[in-house]
Amino acid sequence: MDGITLTVDETNTHLSAHINPQELNGKIDFKVVLKVIKESEYADFYLNDDAIQTLLANTQTAIKTEASGTLVERLGERRDNEIKCKVEEGQLSASMTIKKGYGAPILTLSDLVTLANKSNIVRGLSTKRLQALHQSYLSSASGETVNATIAKGLPPKTGRSSKLKPLVQNALDRILRPQSSQHGRVDMRNLGDIICVKVGTELLRRMPPSHGRSGYTVTGETIRPKAGEWITLRPGDGTAISEKDENLLIAEISGMPKFKDQKMWVDDTYICKGVNVGTGNVNYDGAVLVNGDITEKMEIIATGDVTVNGFVESATIRAGGDIIITEGAMGKVNDAGTEYSTTLRAKGSIHIQHGQGLDIKCDGGVTIGRQLAFSKVVCRQEMFVGPIDKPNGNLFACSIFSQNRVQAGTFGAVSGSNLTLDFSDGFNSLLARKDSLDELVRQIRQNCSRHEDRMKLIRSKFIPDDLRDKVSAAQELFDNEHQLMQWLERKAVELAANKDDYQQRIMVSANKRIYPGVVVKLNNRTWRADREYAKANVSFHGHQWHCESVTT
């Protein structure tokens, strides 16, 4: 527009407008001035709106008074980019903030790298993060601020604590992993020697902790790691720390070793060639190893493991640990299916090569080598019929009460004999605990709310000096009650999660087939096999049982 001239000072920083009122060829206002500036080479300069308004007011006055001369006003200025680098989080990260300037030279990616290095950010600098920040800067308007983390250090990794390495196997672990022959094939009949250690046998080694991994800061300094801690080596019953090596646990007595829950002990072991009317029943405080058969109506009660390297017929075994029967077990069942002549009870797990007519109950899991029929099983952990890596055994005409997955090759029989797998007990136990806890949380929450109102009322009143101690004591009781409520609420959330996890965990996995007559239950939710199914999984989700074929 004629009559308006833009200039910058000798420093090329400040922008001034020169207006000659006599040369104006049209109406002049704020928008006209902005348009002139935006269409010039100074479009990116910072503009002072107040200065523009002052210039316009002076121009209008000059036009009215027909004053001569040129009006000059400084309207804007060039502002440089503002860049700040900040090292934070113990020098483990660094961020860069850029405020885009007005009319300033455009920063390049190499400029950002140089500025980061000048701020002593020399390690962990990410080219990708800088490129993303640079793109944000280029697309931003003058005066806008962009920020990003541009470098990350590496925190040190604390060393692993020492760990306990068993030097001998548990008997059950040995049974579940048959020995390999010379040609590399697994011989299911070769279960290895029964493990029974002598005095002085090395049982457990405490492995040293690791030193950890060093870290580094974004400024290039090395962060030394904290070494792992030595865990305390606590000898269990029948064991002792070696006098020659403080990290070695040895057997103090002869017997059967057991490693569980990071603890090793040796059960004093009673060894016999069989249990029959000639030997009498066995009641022993320790482990029992029977290198023979257990005959009809005989009984073994032990506080440790019971290992039978033979056959069990119509007998009773009760163990404080695991029960391992390397051959088979057989019993008789009454017509109503309520009484069994062979009873197996264990605080741990139970393993049998094959069984029929058994009443099994344990707190751990159950593994059957080949086949189980006409039996009742109650267990809390997984049940396998066949090798644990690929269960392919047969399970039929049984009542199974489990709280975990049941895997076998074949469920049921061609004859259509009934096989029931019921997962209700564990679920109902969880529900009962959850309902009790929810009710307790509800009551505590009500009490806590009522007490909170009373404490607020008390605090709003004037409290005499002789009552301040009692009020403080009441406040402490209320705080403890509130902490208890929060703890119970967390436990209620955990139980709700356990309930969902239980429903996801229970499953029937058939690696060969499922025959008609198989029934799977969770309370009133029942799935019944009305035809023969090939390899399939029966799982519970969406409040229903679903049978899904397995193609792999």
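The values are calculated or read from the model by the stated rules, or taken from the named source; none is laboratory data. Computed from a prediction, not measured in an experiment: that's the story for all the values here. Virtual Cβ from ideal backbone geometry, glycine too; neighbours counted across all protein chains shown. Please note that ligands, DNA and RNA were not included when accessible areas were found on the heavy atoms of the full protein model with its side chains. Shrake-Rupley method; radii C 1.70, N 1.55, O 1.52, S 1.80 Å.
The DSSP beta bridges internal to the chain are antiparallel in roughly 50% of cases. A cut-off under 12 angstrom between Cβ atoms defines the neighbours of Tyr102, and their net charge, with Lys, Arg +1 and Asp, Glu -1, is -1. Each peptide among 348-361, 381-394, 62-75, 113-126 gets the average number of other Cβ atoms lying within 10 Å of its residues, and from highest to lowest they stand as 348-361, 381-394, 113-126, 62-75. Taking the average, over residues, of other Cβ atoms within 10 Å as the packing measure, peptides 320-331, 205-216 rank 320-331, 205-216 from highest down. Cα centroid separation, region 68-83 to region 310-324: 98 Å. Heavy-atom accessible surface of the chain, averaged per residue, reaches 56 Å², computed with a 1.4 Å probe. Centre-to-centre, using Cα atoms only, region 203-226 and region 92-165 are separated by 27 Å. For a Förster distance of 35 Å, can you work out the FRET efficiency between the beta-carbons of Arg234 and Asn283, rounded to the nearest 0.05? The calculated FRET efficiency here is 0.75.
Each residue, Gln262 and Ile388, gets one label point 7 Å from its Cα in the Cβ direction; the gap between the two is 2.1 nm.
When the helices of the chain are scored as -39500 (n - 2.57) per DSSP H run of n ≥ 4 and the total is divided over every residue, the value at 222 nm lands at -8000 deg cm²/dmol. Among 83-89, 447-453, sorting by the average number of other beta carbon atoms lying within 10 angstrom of each residue, highest first, gives 83-89, 447-453. For Ser254, the residues whose amide H sits under 5 Å from its own are Val199, ignoring neighbours fewer than 5 places away on the same chain, with H placed 1.01 Å from N. Taking the accessible area of the chain, probe 1.4 Å, and keeping the other protein chains in place, the carbon and sulfur fraction comes to 46%. Computed from backbone phi with θ = phi - 60° and the Karplus coefficients 6.51, -1.76 and 1.60, the 3J(HN,Hα) list for region 228-242 is x, 9, 7, 7, 6, 8, 10, x, x, 4, x, 10, 8, 6, 4 Hz; x is used for glycine and proline. Other residues whose C-beta falls under 14 angstrom from the C-beta of Val87 contribute a net charge of +2, scoring Lys and Arg +1 and Asp and Glu -1.
With both labels modelled 7 Å from their Cα along Cα-to-Cβ, the Leu167 to Lys64 distance reads 10.7 nm. Out of (1) 371; (2) 233; (3) 163, which label holds the value of volume of the Cα convex hull per residue in Å³ that was computed here? For volume of the Cα convex hull per residue in Å³, the calculated option is (1). Residue ranking by accessible heavy-atom surface, 1.4 Å probe, largest first, among Trp265, Trp230, Trp527 comes out as Trp230, Trp265, Trp527.
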